[in-house]
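Here's the structure we're looking at; comments come further down.
The values are calculated or read from the model by the stated rules, or taken from the named source; none is laboratory data. These numbers come from a predicted model, not from an experiment. Glycine also receives a Cβ, built like all others from the backbone with ideal geometry; neighbour counts cover every protein chain displayed.
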Amino acid sequence: MKKDFTPTLLDFGPLQIYLARHFGFCYGVENAIEIAFRTVEENPDKRIFLLSEMIHNPQVNADLQSHGIQFMQDNYGKQLISFDTLTADDIVIIPAFGTTIELEEKLNKIGIQTEKYDTTCPFVEKVWNRSEQIAKKNYTVIIHGKPKHEETRATFSHAAFYAPAVIVKDMEQAIELAKYIKGEKQPAQFYEEFKGQYSDDFSVTHDLQRIGVVNQTTMLASDTQAIADYLKQVMVEKYKLVTATVEERFADTRDTLCYATLENQQAVSGMLQTDADLAIIIGGYNSSNTSHLVELCEEKLPTYFISSEEKILSANEILHYNFPTKEEILTSDFLQGKKPVRILITSGASCPDALVEGVINKLIDVLNLKISTEQLIEQFH
Ligand code: SF4
């Protein structure tokens, strides 16, 4: 069914907010947080660890830590607590983006039962299942994802268990990979160029003859589609395929993006049809799905990526995250003196809705608008 992605207009007079039709917490994140808190409640006497950050949101992670949960690794796989300190009595929760087969085996060897506290999102598992299906049909699995992201590492590990696998982080890398498929580059170069992104014993000459593309669930839908279409075309030309024979070399793997990523991205496209002056995107700075919402908005209008309302310092200044330098920067006159000012607001799948509400309230506050929550709710009656 065709869904409506028109944003909701919150009209505060001098401040007009276009709120995305879909934003914020997804099923996988809600489920994972619920399991984590239930685990704390049911096991007051046990040490409880999380393999890494539950989700990419600092507020949620701080909340979990304040309940006594300890993180074993940081986002980049750096060990914070040694596995040697674990005993069979401990509980280790697998986060929403899943984990590698190797880590799971390590925990099981210690005697820790991972299945009971596994919060891996079903949409991530769907990608693993899809990888397994095509791997069993002798396709090499190409994963479009961020090579160091926990979910991509987990998907890579599951795919590589059944078949050769390679990670491509973007279209540029897909184009380079295609040069090996077409025989335009020396196979020996591949191992340096894709270091850390291919499975053991990967053979460039043998393992790029039948391929299928899956993705980290939070990538930009249009990017994954473009990469899959491009590699399909490369195979069609190389092996002179026609519609009826494409599957001999290229597996059909559509729809491995999760619904939340897709709907949040489509809702942003809906918001971008409005005449807004700027966009504010709320989420953790290391959140992949949030970063893609920022990218979509940046193409069209000034965009400010903030982690909470505290980053709006006044009606004049905002502290926001800048991807290229990976640091927060201060921008003045971000409301551009517009009256009314029209602002698009959305948040990533790992961002609690309370943060969105906080940002709206802060804007009302810094603009000195006299409107209560009750008056706002009135607009919807
Ligand atoms: S963003 Fe999608 S895949 Fe990731 S936890 Fe949420 S629903 Fe699951």
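Side notes on the structure shown:
- Elements of the type strands (runs of 3 or more DSSP E) sitting completely within region 292-381 and holding at least 1 residues that are more than 30 Å from Ser222 (Cβ to Cβ): these cover 317-322, 327-332.
- When residues of region 324-367 are limited to those that are of a type in the set (Gly, Ala, Ser) and either within 16 Å of the ligand (Cβ to nearest atom) or out of contact with any Asp or Glu (no Cβ under 7 Å at 6 or more places or on another chain) (or both), the one nearest to Gln16 (Cα to Cα): Gly337
- You will find that of Glu34, Glu42, the residue that is away from the ligand (no atom under 16 Å from the Cβ), within 15 Å of Thr119 (Cβ to Cβ), of a type outside the set (Ser, Thr, Tyr) and exposed (fewer than 15 other Cβ atoms within 10 Å of the Cβ) is Glu42 and no other.
- Meets criteria (in contact (Cβ under 8 Å) with a residue 40 or more places away in the chain and in contact with a Gly (Cβ under 8 Å, 6 or more places away or on another chain)) for Ile94: no
- Criterion violated by Val60 - all others in (1) within 15 Å of the ligand (Cβ to nearest atom); (2) in a loop (DSSP other than H, G, I, E, B); (3) of a type outside the set (Lys, Arg) satisfied: (2)
- Among the residues of region 66-91, the one identified as in contact (Cβ under 8 Å) with a residue 24 or more places away in the chain and in contact with a Phe, Trp or Tyr (Cβ under 6 Å, 6 or more places away or on another chain) is Ile91.
- Options Ser332, Ser350, Ser372: the member that is among the small types (Gly, Ala, Ser) and touching a Gly at 6+ places or on another chain (Cβ under 7 Å): Ser350
- Sub-7 Å Cβ pairs linking a first residue in region 31-56 that is within 20 Å of Phe97 (Cα to Cα) to a second residue that is surrounded by fewer than 16 Cβ atoms within 10 Å (Cβ to Cβ) and aliphatic (A, V, I, L, M), at least 6 apart or interchain, are Phe49/Ile81, ordered by first then second residue.
- Region 287-307 - residue that is surrounded by fewer than 20 Cβ atoms within 10 Å (Cβ to Cβ) and more than 21 Å from Gly337 (Cβ to Cβ) and, of those, nearest to the ligand (Cβ to nearest atom): Glu295
- Residue count for region 175-202, restricted to those that are of a type in the set (Gly, Ala, Ser), touching a Phe, Trp or Tyr at 6+ places or on another chain (Cβ under 9 Å) and within 30 Å of Glu104 (Cα to Cα): 1
- Listed conditions (1) free of Cβ contacts under 8 Å to residues at least 60 places away in the same chain; (2) under 23 Å from Ser350 (Cα atoms) are all met by Phe123, apart from (1).
- The residue that is farthest from Val29 (Cα to Cα), among those in region 65-84 that are loosely packed, with under 11 Cβ neighbours inside 10 Å and at pLDDT 90 or above, is Asp84.
- If only residues of region 205-224 that are away from the ligand (no atom under 16 Å from the Cβ) and buried (at least 24 other Cβ atoms within 10 Å of the Cβ) are counted, the one that is nearest to the chain's Cα centre (by Cα) is Val213.
- When the test is whether a residue is closer than 26 Å to Cys26 by Cα and out of contact with any helix residue (DSSP H, G or I) (no Cβ under 8 Å at 6 or more places or on another chain), Ala349 does not pass it.
- For Gln197: the one exception among (1) farther than 19 Å from Ala160 by Cβ; (2) under 21 Å from the mean Cα position of the chain (by Cα): (1)
- Filtering region 95-117 to residues that are on the phi < 0 side of the Ramachandran plot and within 13 Å of the ligand (Cβ to nearest atom) leaves Pro95, Ala96, Phe97.
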